[in-house]
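The values are calculated or read from the model by the stated rules, or taken from the named source; none is laboratory data. Keep in mind that this is a model prediction, so the values were computed, not measured. Note that each Cβ is placed from the backbone with ideal geometry, even for glycine, and that neighbours are counted across all protein chains shown.
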Amino acid sequence: MTKAHILGFPRIGAQRELKFAVESFWRNETDLAALQNIGKTLRQRHWAIQAEAGLDYVAVGDFAWYDQVLNTLALLGAVPTRFKFDQKQFTLKDYFTLARGNPEHFAMEMTKWFDTNYHYLVPEFTADLSFDGGVEWLFEENAEAVALGHKTKVVLVGPLSLLYLGKIKSSAAKTSADAIANKLDLLPKVIAGYQKVLQRLQAAGVEWVQIDEPILALELTAEWRDAFAPTYQLLSAAAPKLLLATYFDQVQEHSDLLRKLPVAGVHLDLVRGAGQLDTFLPDWPQDRVLSVGVVDGRNIWRADLDRLLQILQPLQQKLGDRLWVSASCSLLHVPVDLANEKKLDAELKNWLAFATQKVHEITALKRALNGEQEKVAAQFEASAAAVATRKTSTRIHNPLVQKRLQGLDKIPATRAAVFADRIIKQQARFNLPAFPTTNIGSFPQTTDIRQARAQYKRGDIGHLDYLNKMRDEVRLVVQKQEEIGLDVFVHGEPERNDMVEYFGEQLWGYGFTANGWVQSYGSRCVKPPFIFGDVYRPEAMTVGWSEFAQSLTDKPMKGMLTGPVTMLQWSFVRDDQPRDQTALQIALALRDEVVDLEKAGIGMIQIDEPAFREGLPLKAADWPHYLDWAVRAFRISASGVQDDTQIHTHMCYSEFNDILPWIAAMDADVITIETSRSDMELLDGFGKFSYPNDIGPGVYDIHSPRVPQVEEMQRLLCKARGVIPDLRLWVNPDCGLKTRGWPETTTALQNMVQAARSLRQEVAQKI
């Protein structure tokens with residue numbers, strides 16, 4: 001009989017219960033017992049969803065108070081040694097200190113989990129790090145599930161992925177002999193740590209352990225590929241049955257390796273890598289389970305059960321009971337339960353499936369394969385009806401948008417003049433001083449702003465009252481910038497709830513949920529909109545706000561937009577057409593807004609692209625296609641203006657060096673980037689590449705309430721001058737100031753302006 005399982009379930013709770021419980025604990029409003037009780041309630045609720053739906057195993061080990069990678073480090077007793085925690089006495093309070101820092105220690109580094117919008121905490125490997133065992137949480141949670149009568153499958157981050165995703169750090173080692181030259185040097189210690197865990201799980205009666213090795217979807221060097229066979233030879237010697245899980249892309253280049261590994265089964269992502277079956281199926285070992293992820297674990301569209309069943313039936317004929325059915329990856333990346341969407345348009349809702357619904361889709365496929373078609377006939381009929389209406393609904397396709405796309409070749413995707421000529425005209429228009437100062441976009445979103453927005457959304461205040469409240473906030477922001485002495489202003493964005501949602505609400509083709517939350521990191525949850533149809537702009541979105549703000553000052557006022565790639569990446573995207581087509585539709589809508597802003601007298605327009613690097617495919621061979629259309633989408637959005645209109649863009653923390661030619665090809669007049677946490681190291685690539693346009697490297701970290709001193713920012717600017725010519729260097733924070741308070745914001749910006757003015761004086765004296 002074919003079995004059904006999932007790789008993981010969202011941990012936050014349908015109403016973000018974990019978020020609120022954790023943050024309450026951080027504020028000392030609730031005690032540890034109350035927090036642990038919430039965690040227990042959520043785990044049991046999620047196991048019940050899986051068991052009642054008919055999964056053969058419930059996932060244990062997918063729950064984390066903050067992050068699954070951090071959980072793995074705590075389990076192994078391998079938390080960063082710089083914190084000086086006793087691994088055997090490690091507490092939940094210590095755990096949160098690793099994630100958030102304290103006055104004595106800065107937090108662990110955080111970065112994107114492959115090409116998702118989830119962030120993990122980066123392991124820190126030092127010579128004095130041990131893997132001798134730590135917390136008992138995993139074993140306790142498994143016992144908890146077993147006591148409730150569940151059949152469990154324990155989930156672990158794999159040892160090689162754990163090593164690969166970490167960074168070597170300096171330690172207290174006194175000699176070079178004690179230093180780590182290669183992360184793989186730690187592999188024997190890591191294997192020993194995992195062996196202890198697996199042996200304990202085997203002793204506890206666990207039948208299956210899922211070991212996630214997502215790095216197999218990357219382009220691994222030979223030394224990393226060669227490490228798999230001996231690692232799993234050692235791990236499988238005394239352990240439960242091992243299901244090695246891969247996801248996020250095809251892994252067919254590793255097919256021979258995966259066939260030979262001493263594991264009981266392998267999971268493949270058939271959503272991202274449908275074609276890899278042709279490589280794996282021939283000669284698949286007779287003693288090996290093949291788990292296939294056919295339900296999309298990263299998007300919210302209802303599955304076409306008929307189509308998936310047609311794919312699975314030949315597999316079952318070949319594999320029999322060695323076939324397992326699952327989602328492509330963990331359901332961590334989708335919201336919890338569509339049933340909580342009480343106000344969502346009925347037709348749109350019928351097209352969607354969240355984690356709970358996806359579990360039922362998986363079990364429906366299993367039951368149909370196992371001869372119970374009549375018992376799931378209603379699910380299949382509902383699926384077919386939803387698929388049919390998505391294809392025929394008039395809400396999906398817009399003839400005007402399609403016609404405009406067909407004529408895209410006639411729309412210029414480049415500025416009329418090259419940058420060297422444009423910048424002369426822009427300097428003449430704006431007459432900015434050397435090292436011009438500006439903010440990235442947002443100013444503090446105060447309690448008053450959030451309350452006014454909530455009142456307006458509930459209908460407690462009318463449109464005019466809300467408009468006046470937001471205009472008062474814009475007046476305040478302009479006044480503050482005048483007092484601080486910035487050279488280029490922004491309106492502060494008080495009217496915006498989110499940089500994607502705000503624009504999506506004003507574009508045709510976007511849908512929104514009330515409770516479609518997913519975890520971004522820790523207690524941070526986001527509610528991505530979903531793109532269901534052709535995108536177009538029915539009317540201007542920001543012109544009124546920018547016009548009003550510009551009327552309050554003689555200083556240049558930047559119009560603020562979110563770019564087409566970020567509007568795409570930070571949404572659940574329709575799956576009935578290529579992503580590049582959707583991006584180009586968004587680009588055309590933004591182009592109209594950019595042109596209207598220029599007509600309204602706005603001479604500087606910032607088109608933010610913080611997700612540009614995030615969209616990069618995992619394999620380098622797939623990069624050119626993505627980068628070509630991503631650059632094209634940005635240029636289409638930006639190229640409809642005159643030479644003296646200055647286009648800005650902003651990008652968040654990313655490894656830019658490998659895509660610098662494409663960033664340059666975007667041809668923004670000014671790019672601002674987050675660089676303060678790297679101590680300006682991110683700029684090195686821009687210098688070596690000789691990036692041709694203006695750059696504003698962030699001179700202070702906005703993710704911390706800490707106020708940097710003038711001298712600190714001067715030091716960073718001096719480093720920047722070693723890379724960027726003076727005439728091309730702007731001065732700005734790392735990112736928007738939405739999450740900060742006014743006192744710290746004002747002082748930090750005052751210090752920033754003083755640093756820029758001091759630098760101007762220094763340069764003038766040398767002339």
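When the stretch 264-291 is filtered for residues that are under 30 Å from Gly511 (Cα atoms) and β-branched (Val, Ile, Thr), only Val271 remains.
Matching residues to (1) over 24 Å from the mean Cα position of the chain (by Cα); (2) surrounded by 17 or more Cβ atoms within 10 Å (Cβ to Cβ); (3) assigned by TED's automatic domain parsing to the domain that holds Pro436:
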site: Asp658; (1), (2), (3): no, no, yes
site: Val670; (1), (2), (3): yes, yes, yes
site: Arg706; (1), (2), (3): yes, no, yes
site: Glu712; (1), (2), (3): yes, no, yes
site: Pro743; (1), (2), (3): yes, no, yes
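If you check Asp694 against the conditions, is it modelled with pLDDT of 80 or more, at positive phi and buried (at least 17 other Cβ atoms within 10 Å of the Cβ)? So Asp694 does not fit the description; no.
Of all residues in the stretch 438-460, those that are closer than 10 Å to Glu473 by Cβ have Cβ atoms under 7 Å from Cβ atoms of residues that are in a strand (DSSP E or B), 6 or more apart or on another chain, in Phe443/Gly492.
Screening the stretch 230-307 for strands (runs of 3 or more DSSP E) wholly inside it with 2 or more residues that are farther than 26 Å from Pro617 by Cβ returns the ranges 241-245. Counting only helices (runs of 4 or more DSSP H) that sit completely within the stretch 342-425, those holding 1 or more residues that are within 26 Å of Leu331 (Cβ to Cβ) and among the hydrophobic types (A, V, I, L, M, F, W, C) correspond to 346-350, 355-369, 377-392. Applying a threshold of 7 Å to beta carbon distances and a minimum spacing of six or more residues, or different chains, the list of pairs starting in the stretch 82-104 at a residue that is more than 19 Å from Asp132 (Cα to Cα) and ending at one that is among the aliphatic types (A, V, I, L, M) reads Ala99/Leu70; Ala99/Ala107; Ala99/Met108; Ala99/Leu121; Arg100/Ala107; Gly101/Ala107.
Of the residues in the stretch 550-559, at least one is part of a helix (DSSP H, G or I), out of contact with any Asp or Glu (no Cβ under 9 Å at 6 or more places or on another chain) and not basic (Lys, Arg).
Which of the following residues is touching a helix residue (DSSP H, G or I) at 6+ places or on another chain (Cβ under 6 Å) and among the charged types (D, E, K, R): Asp596, Asp608?
Sole residue among the options that is touching a helix residue (DSSP H, G or I) at 6+ places or on another chain (Cβ under 6 Å) and among the charged types (D, E, K, R): Asp596.
Of all residues in the stretch 537-560, none are in contact (Cβ under 8 Å) with a residue 60 or more places away in the chain, under 29 Å from Asp622 (Cα atoms) and surrounded by fewer than 24 Cβ atoms within 10 Å (Cβ to Cβ).
Of the numbered criteria (1) within 17 Å of Glu598 (Cβ to Cβ); (2) under 22 Å from the mean Cα position of the chain (by Cα), the one Ala549 fails is (2). In this structure, is Asp115 in contact with a strand residue (DSSP E or B) (Cβ under 7 Å, 6 or more places away or on another chain) and either among the acidic types (Asp, Glu) or not assigned by TED's automatic domain parsing to the domain that holds Lys375 (or both)? Answer is no for this residue. Listed conditions (1) touching a residue at least 60 places away in the same chain (Cβ under 8 Å); (2) crowded, with 23+ Cβ neighbours inside 10 Å are all met by Phe530, apart from (2).
Scanning the stretch 571-607 for residues that are under 23 Å from the mean Cα position of the chain (by Cα) and not in a helix (DSSP H, G or I) turns up Ser571, Phe572, Val573, Arg574, Asp575, Asp576, Gln577, Pro578, Gln606, Ile607.
Residue count for the stretch 404-420 satisfying the condition of being farther than 14 Å from Ala664 by Cα and either touching a Ser or Thr at 6+ places or on another chain (Cβ under 6 Å) or not acidic (Asp, Glu) (or both): 11.
Sort out which residues of the stretch 505-554 are of a type outside the set (Val, Ile, Thr), closer than 30 Å to Leu18 by Cα and in contact with a His (Cβ under 7 Å, 6 or more places away or on another chain), and write them in order of number.
Going through the stretch 505-554, the residues of a type outside the set (Val, Ile, Thr) turn out to be 505-512, 514-517, 519-525, 527-530, 532-534, 536-541, 544-552, 554.
Still in the running and closer than 30 Å to Leu18 by Cα: 505, 510-512, 514-517, 519-525, 527-530, 532.
Those that are of a type outside the set (Val, Ile, Thr), closer than 30 Å to Leu18 by Cα and in contact with a His (Cβ under 7 Å, 6 or more places away or on another chain): Ser520, Tyr521.
Of the strands (runs of 3 or more DSSP E) lying entirely inside the stretch 102-203, none contains at least 2 residues that are of a type in the set (A, V, I, L, M), more than 29 Å from Ser291 (Cβ to Cβ) and at pLDDT below 95.
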